[in-house]
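Visitor: I have a structure I would like to understand better, so I am pasting it below and will then ask my questions one at a time.
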Amino acid sequence: MEIKKVKVSSLKSHPKNPNQHPENQVNELINSIDQFEQIKNIVVWQNQIIAGNGFWLASKKKGLKEISICDVSDWPEKKAVSFMIADNRLAELAIMDNDILAGILKEFDEPLKIPGIDDDFLNNLDINNDEEKEKSDVATKPFNDERDKMAMRDLLHSVDLVKISFSGGKDSAGMAIYIHEHFGIAKEKMLLEHYYNPFEWEDMPAYCRYFAKTFEVELKEYGNEPPDKEKEKVKIYGKKNADNFMIDKIKSNGLPSVFQKWCFERYKHRVFIYVARRYREINYIQAVGMRAAESPRRAKMDDRGITRDVEPFCYPIFNLSDEEIFGLAIKNNIKLHHAYKFFGRTGCPVCPMSPAQDFVILRKEYPEVWDRALKLFLLSLDCDYYRNTDDNKVKSDFERFMGVSHVKKSKRIKWIPPQALEFWKES
């Protein structure tokens, strides 16, 4: 182990580093260098960075010639890779107490210029106690009143409107049916809400309209209205609609991935919370199709509460199985989206987080959709993420789109849709 200074140009990213560093983070790290210079050494193994990769990218972009490193080239590769993953993961496990942070920031007469703390972050902290600014807290918390202990039926009947987050997938369709049939909520008190997502199946909005018409429930669609027709959309996408925003974002930040789920924040959370604020004067609850069977993590969640300090929500189908959900559609003669012929979930067909096998199916059954996915991937190649990473990352992502996987395949059960299920297809 040796501490020394080396040329920035002599280093490179470790090819197995799973962490990504989007342009906005690199820019914030440049701000950090401007304020504090280099305080911590980056860790290097055989000229490959195993801790401090983002700082190195910022140093390159800033034009620094030298950088201070801790050289651990005498370590075996297994130890170096283990340290690299641990360094990334252990940092993620820390939790910032926003109340304490807000208190610290209030102590100073002048605003502190802290890298990573921008105006949006400060607004979410609500440090100015501005009643017009609502805290945006991703975490959920209990109601802290009698609603926490109500039976789900009583909770749904305690409101004037049940707003249903309707993606068009089996869970949202089954949930709408279940709320009416099992809990006895009148259709007049139900509202389906579809939040447009440019990554979704192109005909998914049409499917949502089919379901609403067939089930005779009102549907509202949000997310891609032209700004000149509905000025509120300017607050979500600037002067663009969702499709144009997506293209610009891909060009600058690259496709969404396991490490940068900007699509989830922009097309789900952002619109979801914005719409919630428009209903603040109405006694309602948001029904979301979350189910415990989907994952061990979800099974530990509460089935109701407040999300982001704005939205009262509940999970009416939390304890239902896949079989029960499909059974509700079959029983009510509801056709499900045609994607269920080939996939166990609809989701976004061009999602780069999908396994290689899904792209094999997509390429065979929906060649025009697969072609769109490939074009979006090619569009992203000039973004900072790919420019600042090694060729192996580009190659592995490309191979996933081509349906090639070098990872040892687990025993995956082939998807077979329920026999009596019928499928909707836009005519």
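Visitor: Using 0.36 nm per residue, how much length does the chain from His182 to Ile114 gain when fully extended, once their Cα-Cα distance is taken away?
Guide: Numbers: separation 68, 0.36 × 68 = 24.48 nm, distance 5.19 nm.
So the extension gain works out to 19.3 nm.
Visitor: A further question on this structure: Using a basic spin-label model with each label point 7 Å from the Cα along Cα→Cβ, how many nm lie between Phe36 and Lys213?
Guide: Each label point is offset 7 Å from its Cα along the Cβ direction, giving 5.8 nm.
Visitor: What FRET efficiency comes out for Phe423 versus Lys79 if R0 is 41 angstrom and r is the Cβ-Cβ distance? Round to the nearest 0.05.
Guide: Numbers: r = 52 Å, r/R0 = 1.27.
After rounding to 0.05, the efficiency reads 0.20.
Visitor: Let me ask something else. From a point 7 Å beyond the Cα of Gln46 in the direction of its Cβ, which residues of the range 70-87 have a backbone N at a distance under 12 Å?
Guide: 73-81
Visitor: Which whole-angstrom value gives the distance between the alpha carbon centres of the range 11-72 and the range 279-338?
Guide: The distance from the Cα centre of the range 11-72 to that of the range 279-338 comes to 43 Å.
Visitor: Does the range 263-320 come out rounded, prolate or oblate, given a ≥ b ≥ c as the square roots of the eigenvalues of its C-alpha gyration tensor, rounded meaning a/c under 1.5 and, failing that, prolate meaning a/b above b/c?
Guide: Details: a/c = 2.49, a/b = 1.50, b/c = 1.66.
Oblate, since a/c reaches 1.5 and b/c is not below a/b.
Visitor: Now for a separate question. Taking the Cβ of Leu376 as the center, what net charge do the other residues with Cβ under 12 Å away carry, scoring Lys and Arg +1 and Asp and Glu -1? Don't skip to the end; give the middle numbers.
Guide: Values: positive: Lys249, Lys251, Arg372, Lys375; negative: Asp243, Asp371, Asp397.
The answer is +1.
Visitor: Right, another one. If R0 is 35 Å, what FRET efficiency do you get for Asn333 and Val369 from their C-beta distance, rounded to 0.05?
Guide: On the way: r = 27 Å, r/R0 = 0.78.
That pair, Asn333 with Val369, gives E of 0.80.
Visitor: Okay, moving on. Hey, could you grab the Kirkwood Rh for the range 2-92? Inverse mean 1/r over distinct alpha carbon pairs, Å, one decimal. Don't jump to the answer; show the numbers that get you there.
Guide: Numbers: mean 1/r = 0.0752 Å⁻¹.
For the range 2-92, the Kirkwood estimate is 13.3 Å.
Visitor: I would also like to ask the following. For Asn27 and Glu66, FRET efficiency with R0 = 25 Å and r from the beta-carbon atoms, rounded to 0.05?
Guide: Working: r = 21 Å, r/R0 = 0.85.
Once rounded, the FRET efficiency stands at 0.75.
Visitor: With label points built 7 Å along Cα→Cβ from the Cα atoms of Lys341 and Val6, find their separation and express it in nm.
Guide: Those two pseudo-labels are separated by 5.5 nm.
Here, each number is a calculation from the coordinates, and none is a lab measurement. Keep in mind the model is a prediction, meaning the values are calculated, not measured. No Cβ is skipped: glycine too gets one built from the backbone with ideal geometry, and neighbour counts run over all protein chains shown.
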